[in-house]
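Everything below concerns the one structure shown next.
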Amino acid sequence: MRIPQRFAVVGCGFIGQVHAANIARHPGTDLTLVCDTDTARAESVARQYGARSVTSEQALESDRIDAVLIASATPTHAALLEQAVRAGKAVYCEKPIDLSLAHARDVVGRISPTRVPVTVGFNRRFDRSHQQLRAQLREGTIGYAELIQMTCRASVLPSADYLRASGGQMRDQAIHFFDLLRWLTDDEVTRVAAMGAALAMPEIRSFDVDTSVVMLQLQKGALAQLDNSRRTAYGYDERLSVMGSEGMLASESQATRGATLYQGGTIRQPGLYADWFSRVQETYYAHLDAFVRHINGEEVADLPGLLDGLRAQAIAEAAQLSLTRGTFTEVEHVAI
C-alpha cells in the first residue's frame, strides 16, 4: 500500500477550500498544511480537516509535505510555483501561471529542467462528456475536424472586485476553452480575432468585458469559435461541438434532473445546472486523482503541464490584444 502524498494548500478562498476538501477525502493524499494571508480562514480550514495552519514560507520549507496545491491570488502563482519546485515539491498550480505571459515563460524556463511533477489547473479536461468527445475524435469517428463551436456562459455575475483582479475574461474564463481546443484537436492555434462588450455589467467597461466572441484558426486549417458570457438568465451553459468531414460530435449542456415531458402541445425539459461549479465540481477531484497517480509514477495522458499552461495563456494574450486593437492577432508560439 502506498504512503499518502502529504499536501499543503496555499490559498483558502473558494477554490482553495474545494481543493482542500478533495485532498482530505482522497485515499492517496493527506491534507497536512494549509496557508492563507487571512490567518483566521486558514485556521478554520485546518481545524475542519485536522491539518495545521502555517505561512506559505513555512509550508514550502517543511519536510512534512510532498506536494503543494497553489490556489492563492493569481499574482502569487509564479513565485510560489518556482519556490515549491526548487524545494522538490510536486505542484498543482491553478491557472494562469501568471498574469504576464513573459513572466510565466521565464519562470517555466527556469524550472522546466527539473523532474518535479507539475500540473496546471485545466480541470475541464476531466469532464467525462468532453473526454468521450475527444476519444471518438481521435478514433476518426467523424474524420478530420473542420469546424469547432464552443460555448461558455456562466449563470451569475462575479463581483466587480473579482473581475478587476481576474486578469480579464480571456485570461480567466476563456482560457479553459483555449486549452480544451488544443487538447481536443491535438493542434495549435495560430491566430485569433476577438470582439467583446460589457453588456451585463457596464461599470467594468473601462477594464474588461463580460460578453465576447472569439474566432480562432488552427495550424492544420480547422476553424473554431468561442462565445463567452459572465451571466445568463437560464443556468450554466457549457457546450462543445466538432464538425468533421464525416459527421459531428457534441458535448452538450447538461440538465440537473428528470426527463423531458411531452404533453398536449408543449415540451417541457429539465433546466440546466444553476451555476458553473455544480456542473464542473467532479472534474476538480478527477484532476487531483490524475495528478496523484502521476506523482506515483503512472503515465497520465490528459494531465495538463507547464507547456499547456503557457500555450493556453498565449492564446488568451492574443485574444486580449485583438479585443483592444480590433484586428486579427497572431498567437505567439511558446516552447520550453
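At-a-glance table
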item: Low-density loop cleavage sites - trypsin sites (Lys or Arg not before Pro) in segment 94-193, where at most 12 other Cβ are within 10 Å (DSSP); result: 115
item: Within the chain, helix-based [θ] at 222 nm, where runs of 4 or more DSSP H residues each add -39,500 (n - 2.57), nearest 500; result: -11000 deg cm²/dmol
item: Rounded to 5, percent antiparallel among DSSP beta bridges of the chain; result: 55 percent
item: Segment 243-336: trypsin sites (Lys or Arg not before Pro) in DSSP coil with no more than 11 other Cβ atoms inside 10 Å; result: 257
item: Rounded accessible area per residue of segment 152-231, 1.4 Å, Å²; result: 40 Å²
item: Whole-percent carbon and sulfur share, accessible surface of segment 168-291, 1.4 Å; result: 51 percent
item: Segment 14-67, Rg to Rh (Cα coordinates; Rh as Kirkwood inverse mean 1/r); result: 0.93
item: Segment 231-336: GluC sites (Glu not before Pro) in DSSP loop, at most 14 other beta carbons within 10 Å; result: 246, 252, 298, 299
item: Chain lengthening between residue 58 and residue 116 when straightened (0.36 nm per residue, less Cα-Cα); result: 18.9 nm
item: Cα gyration tensor shape for segment 277-336, rounded if a/c is under 1.5, else prolate or oblate; result: oblate
item: Degrees between helix 306-325 axis and first principal axis of the chain (Cα, 0 to 90, nearest 10); result: 50 degrees
item: Among (i) 20.3, 68; (ii) 19.5, 71; (iii) 35.5, 125, the entry that matches Rg and Dmax of the Cα atoms in Å as calculated here; result: (i)
item: Segment 63-147 - percent of accessible surface contributed by carbon and sulfur, probe 1.4 Å; result: 47 percent
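The values are calculated or read from the model by the stated rules, or taken from the named source; none is laboratory data. From a predicted model like this one, the values you see are computed outputs, not experimental measurements. Every residue, glycine as well, gets a Cβ built from its backbone with ideal geometry; the counts of neighbours run over all protein chains shown. Just the protein is used for accessible areas: all its heavy atoms, side chains included, with ligands, DNA and RNA removed. Shrake-Rupley method; radii C 1.70, N 1.55, O 1.52, S 1.80 Å.
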